[in-house]
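Trainee: To start, I am sharing the structure in question, which I have written as structure tokens.
The values are calculated or read from the model by the stated rules, or taken from the named source; none is laboratory data. Every value quoted in this text rests on a predicted model; they were computed, and no experiment measured them. Positions of Cβ are generated from backbone atoms using ideal geometry, with glycine treated the same way; all protein chains shown enter the neighbour counts. Note: accessible area is taken over every heavy atom of the protein model, side chains too, but ligands, DNA and RNA are not part of it. Shrake-Rupley method; radii C 1.70, N 1.55, O 1.52, S 1.80 Å.
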Amino acid sequence: MADQTKNQGGSVLRIEEISKSFGPVSALEGVTLHLEPGEVLGLVGSNGAGKSTLVKIITGYYQPDGGRIWVDGEPVEFKSVDDARAHGIETVFQDLALVDELSVYHNLFLNRELTVGRGLRFLRNKRMKEEARRYLSDIQVSIPSVDTPVEKLSGGQRQAIAVARATRQPGMKILLLDEPLAAMGAREASLIIALVKNLAREHGVSMLVVDHNYTHIFELCDRINVIEQGRVTLDKRVEETSLGELTEFMLTSYKQQLQYG
Amino acid sequence: MGTPVATASTEGRGIPAAPTRPSRWRRLIQGQELVVTLVGIALIIFFSVATSAFATGSNLSTVSGYIAPILILAVAEVPVLTLGEIDLSVGGVYVLSPFLVVYLNNAGIPPLLGIIITLVIGIVIGIINGLITVYLRVPSFITTLGTVFALEGIVLLSSNGIQVNPVGGDTLAQVLGAWQFSSILWALGIAVALHIVFRHTSFGLHITATGGNVTASAESGVKVGWVRVACFAICSLLGAFLGILDGYRIGSLNPGTDGLTLMFYGVAAAVVGGTALTGGKGTIIGAAIGAIVLGVLEDGFNIMGINAFAYQLVLGLAILGAMILNIQMDSLRAGRRGGGRARKKSARGADPGAGQSLPSVEDDSSPESASTH
Ligand SMILES: Nc1ncnc2c1ncn2[C@@H]1O[C@H](COP(=O)(O)OP(=O)(O)OP(=O)(O)O)[C@@H](O)[C@H]1O
Ligand SMILES: [Mg+2]
């Protein structure tokens with residue numbers, strides 16, 4: 001295993017031998033991967049492979065049982081989502097992390113409300129509404145109104161709000177996207193893809209994208225990692241592989257799992 | 001903040017303009033709150049016309065005495081109910097607290113200091129309820145059912161079942177409940193303060209968020225464990241305070257007081273006013289109006305000489321009606337996504353990440369309320 005003081009080669013994120021179990025279920029069994037500045041890394045794998053668990057560990061929601069994480073070469077141990085955010089890590093969770101009862105703008109600002117006063121922090125609802133409206137129209141997300149409770153939005157609109165909440169953050173260095181396009185129509189998906197690409201190319205944000213749609217993966221990513229049964233089993237740059245090869249690889253390993261697993 | 005970090009290539013498609021804003025008054029009282037307000041006004045008119053004793057100065061103090069305890073318990077329960085939890089123990093805290101002041105006084109601690117210590121004990125009981133519920137994952141109904149019996153037992157044991165008189169000088173007693181309108185003024189003040197915290201602060205927003213979806217809130221970084229414990233602490237604190245107020249108002253302390261029933265009146269008022277027991281939806285104003293309606297009803301029935309049991313019957317029907325109204329209005333609002341609220345609501349049994357450490361308490365209030373509308 002790597003020595004903590006060793007130079008980590010400029011990776012913005014590096015994780016080594018991360019493991020995590022939920023009772024008897026072992027979700028991750030020693031995942032090692034790295035993410036370079038401005039790079040978009042695709043993470044693919046079958047259902048239950050451990051992708052979301054990995055995302056939740058990087059974002060501080062779960063604490064790993066073992067292994068180590070470096071951000072910008074500095075070893076980190078996130079105790080909470082806020083810890084990870086303080087290091088510029090933003091996340092779009094697979095379940096979107098939206099509260100149905102709250103309005104769009106309260107969801108966009110949840111836990112990062114604009115407030116005045118210390119101790120009891122009073123909400124600046126007008127400012128939040130204005131900023132929410134402005135940002136959503138900047139990124140061309142159309143919804144009836146920022147006052148609408150998110151329970152009234154369509155699946156794709158909800159997903160757009162979840163993505164917008166993460167991408168709105170100014171200090172962001174690393175963006176984790178767990179199936180961000182799953183419920184989106186073609187137009188909305190291409191808007192989000194453009195937004196995400198722009199973040200990477202123009203603003204140097206590094207990204208980890210989980211997606212079951214390999215076309216999206218090839219469109220978005222610079223490099224692909226396959227995760228199977230809690231381990232990374234393939235690491236290739238997109239130009240070194242193809243849609244066909246990736247599909248073939250997944251099928252083969254799936255068959256092997258059926259035979260030996 | 002606010003300068004967007006990125007923009008996709010623009011093609012000039014803005015979002016449609018927001019619909020016209022409802023008036024400030026309409027937004028303050030809406031939906032079920034409005035219905036209950038109208039019911040309350042109708043009741044007041046009815047009792048004023050039907051009896052000569054209702055619309056009198058002396059009855060104003062009587063009806064205040066009915067309303068104040070229900071109102072305080074109702075607004076105390078709203079944050080807890082909004083979390084999808086309930087605090088039954090507040091009924092026990094209510095019975096215990098004035099006795100604690102007396103016991104502390106017997107031990108040589110002056111009444112005012114004794115009251116402060118008692119309020120702190122109230123907070124501690126709430127924190128214990130919260131910790132057991134959140135971290136040991138015992139449903140709050142069970143946790144607080146246990147505490148309420150334990151607390152009432154403590155009162156009966158320690159008092160030998162004998163009534164005592166509250167302690168403290170006349171001014172203290174007058175301010176804390178003995179003067180005929182002191183309880184209702186305290187109740188209204190508490191309701192206003194809680195409304196502001198609940199509707200206009202980030203803590204209040206986090207209560208609604210946690211009650212609506214605890215996992216999503218935790219993923220957003222909300223300290224859901226702390227929020228839940230804090231709501232139990234607030235509820236219990238208010239129960240302790242009400243116990244002291246009622247001690248001075250009534251003038252004697254009965255160890256056999258049925259705190260549990262009073263607590264349920266508070267929950268009933270909250271529900272009648274539009275707070276959902278399923279969590280994610282609560283209103284302090286609605287709870288206060290609900291308490292006024294229940295108090296007026298009780299008082300009016302008394303004046304008309306209607307059997308006290310009839311009050312129970314009407315109360316039961318009112319709760320049922322309010323629940324049905326609540327759910328129907330919800331599915332009306334939710335429209336085609338009407339089934340959306342059927343998903344898991346429980347604030348308990350969340351995954352490990354939902355457990356959070358408790359940061360320092362944020363309760364030193366800031367006076368400048370720059371709340372925006
Ligand atoms: N909170 C939890 N409690 C218990 N088991 C869990 C929990 N979260 C995940 N698991 C288990 O861990 C394994 C990995 O789950 P994970 O959600 O990371 O998979 P995934 O790769 O994201 O799958 P999908 O593609 O379906 O989203 C699964 O077997 C799952 O059942
Ligand atoms: Mg997943």
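Trainee: Considering only A:233, A:167, A:53, give the residue with the highest GNM mean-square fluctuation for chain A, with springs between Cα atoms whenever their separation is below 10 Å.
Mentor: Fluctuation is largest for A:233.
Trainee: May I ask you to list the chymotrypsin sites (Phe, Trp or Tyr not before Pro) in segment B:179-252 that are in a DSSP loop and have at most 16 other Cβ atoms within 10 Å of their Cβ?
Mentor: Sparse-neighbourhood loop chymotrypsin sites (Phe, Trp or Tyr not before Pro): B:179, B:181.
Trainee: Collect residues whose amide H, placed 1.01 Å from N in the peptide plane, falls under 5 Å from the amide H of residue A:224; neighbours closer than 5 in sequence don't count.
Mentor: Those qualifying (amide H under 5 Å, at least 5 residues apart or on another chain) are A:42, A:236, A:237, A:238.
Trainee: Counting other Cβ atoms within 10 Å, keep those with at most 12, restrict to DSSP loop, and tell me which GluC sites (Glu not before Pro) in segment A:25-94 are left.
Mentor: When the GluC sites (Glu not before Pro) of segment A:25-94 are filtered for loop state and at most 12 Cβ neighbours within 10 Å, A:77 remain.
Trainee: Per-residue HN-Hα couplings for segment B:189-194, Karplus 6.51 cos²θ - 1.76 cosθ + 1.60 at θ = phi - 60°, whole Hz, x for Gly and Pro?
Mentor: Karplus values, whole Hz, x for Gly and Pro: x, 4, 5, 5, 4, 5.
Trainee: Modelled label-to-label distance, residue A:130 and residue B:142, 7 Å Cα→beta-carbon offset: nm?
Mentor: My value for the distance between the label points is 5.1 nm.
Trainee: For chain A, set up a GNM with springs between Cα atoms under 10 Å and report which of A:66, A:204, A:244 has the largest fluctuation.
Mentor: For chain A, modelled as a Gaussian network with Cα springs under 10 Å, the answer is A:244.
Trainee: For segment B:84-156, with all protein chains present and a 1.4 Å probe, just round the carbon and sulfur fraction of the accessible area to a whole percent.
Mentor: Answer for segment B:84-156 is 83 percent, counting heavy atoms of protein chains only.
Trainee: Give me the 1.4 Å probe accessible area per residue for segment A:102-172, excluding ligands and nucleic acids, in Å².
Mentor: On a per-residue basis, segment A:102-172 sits at 30 Å².
Trainee: Next up: Going Cα to Cα from residue A:236, which aspartates and glutamates come in below 12 Å? Please leave out same-chain ones fewer than 8 positions away.
Mentor: A:222, A:245
Trainee: Using only C-alpha positions, report the orientation-averaged shadow area of the convex hull of chain A, nm², one decimal.
Mentor: 15.7
Trainee: Relative to the isolated chain, which residues of segment A:98-132 have their accessible area cut by 40 Å² or more in the presence of all protein chains (1.4 Å probe, heavy atoms, no ligands or nucleic acids)?
Mentor: At a threshold of 40 Å² (probe 1.4 Å), the residues of segment A:98-132 that become less exposed are A:99, A:100, A:101, A:102, A:110, A:111, A:119, A:120, A:121, A:122, A:123, A:126.
Trainee: Same structure again: Give me the 1.4 Å probe accessible area per residue for segment B:57-125, excluding ligands and nucleic acids, in Å².
Mentor: Per residue, segment B:57-125 has 27 Å² of solvent-accessible surface.
Trainee: If you don't mind, there's one more thing I want to ask. Please report how far the C-alpha centroid of segment A:211-250 lies from that of segment A:129-176, rounded to the nearest whole angstrom.
Mentor: 28
Trainee: Right, here's the next one. How big is the charge dipole of the protein assembly as shown about its Cα centre, in debye rounded to the nearest 20, if each Lys and Arg gets +1 on its Cβ and each Asp and Glu gets -1 on its Cβ?
Mentor: With only Lys, Arg, Asp and Glu charged at Cβ, the dipole is about 1240 debye.
Trainee: Under 15 Å from the Cα of residue B:223, which aspartates and glutamates turn up, not counting those fewer than eight places away in the same chain?
Mentor: The qualifying aspartates and glutamates are A:82, A:83, A:113, B:351, B:362.
Trainee: Still on this structure: Below 8 Å, C-alpha to C-alpha, sequence gap of six or more: please give me the relative contact order for segment A:124-194 in percent.
Mentor: Worked out over segment A:124-194, it gives 32 percent.
Trainee: Show me you know the interface measure: the accessible area buried between B and A, both chains summed, probe 1.4 Å, in Å² to the nearest 100.
Mentor: Counting both chains, the buried surface is close to 5300 Å².
Trainee: Considering only Cα-Cα distances, which of the following residue pairs are longer than 21 Å: A:20/A:79; A:20/A:56; A:173/A:197; A:79/A:173; A:126/A:197?
Mentor: Exceeds cut-off: A:126/A:197.
Trainee: Read phi for every residue in segment A:33-47 and hand back ³J(HN,Hα) as whole Hz from Karplus 6.51 cos²θ - 1.76 cosθ + 1.60, θ = phi - 60°, with x for Gly and Pro.
Mentor: Result, ordered by residue: 7, 9, 9, 8, x, x, 8, 10, 9, x, 10, 10, x, 6, 4 Hz.
Trainee: Using a 1.4 Å probe over the heavy atoms of the protein chains, calculate the carbon and sulfur portion of the accessible area of chain A as a whole percent.
Mentor: Using a 1.4 Å probe with all protein chains present, chain A comes out at 49 percent carbon and sulfur.
Trainee: What FRET efficiency comes out for residue B:162 versus residue B:107 if R0 is 25 angstrom and r is the Cβ-Cβ distance? Round to the nearest 0.05.
Mentor: E between residue B:162 and residue B:107, to the nearest 0.05, is 0.90.
Trainee: Spelling out what I want: for every residue of segment A:54-63, take phi, set θ = phi - 60°, compute 6.51 cos²θ - 1.76 cosθ + 1.60 (Karplus), and round to whole Hz; glycine and proline get x.
Mentor: Result, ordered by residue: 4, 4, 5, 6, 4, 8, x, 6, 10, 9 Hz.
Trainee: May I pose another question? Among A:165, A:85, A:112, which one moves the most in a GNM of chain A with springs linking Cα atoms closer than 10 Å?
Mentor: Its mean-square fluctuation being the largest, the pick is A:112.
Trainee: A further question on this structure: If you average the sequence gap of Cα pairs under 8 Å that are 6 or more apart and divide by the length of segment A:6-260, what percent do you get for the contact order?
Mentor: 27
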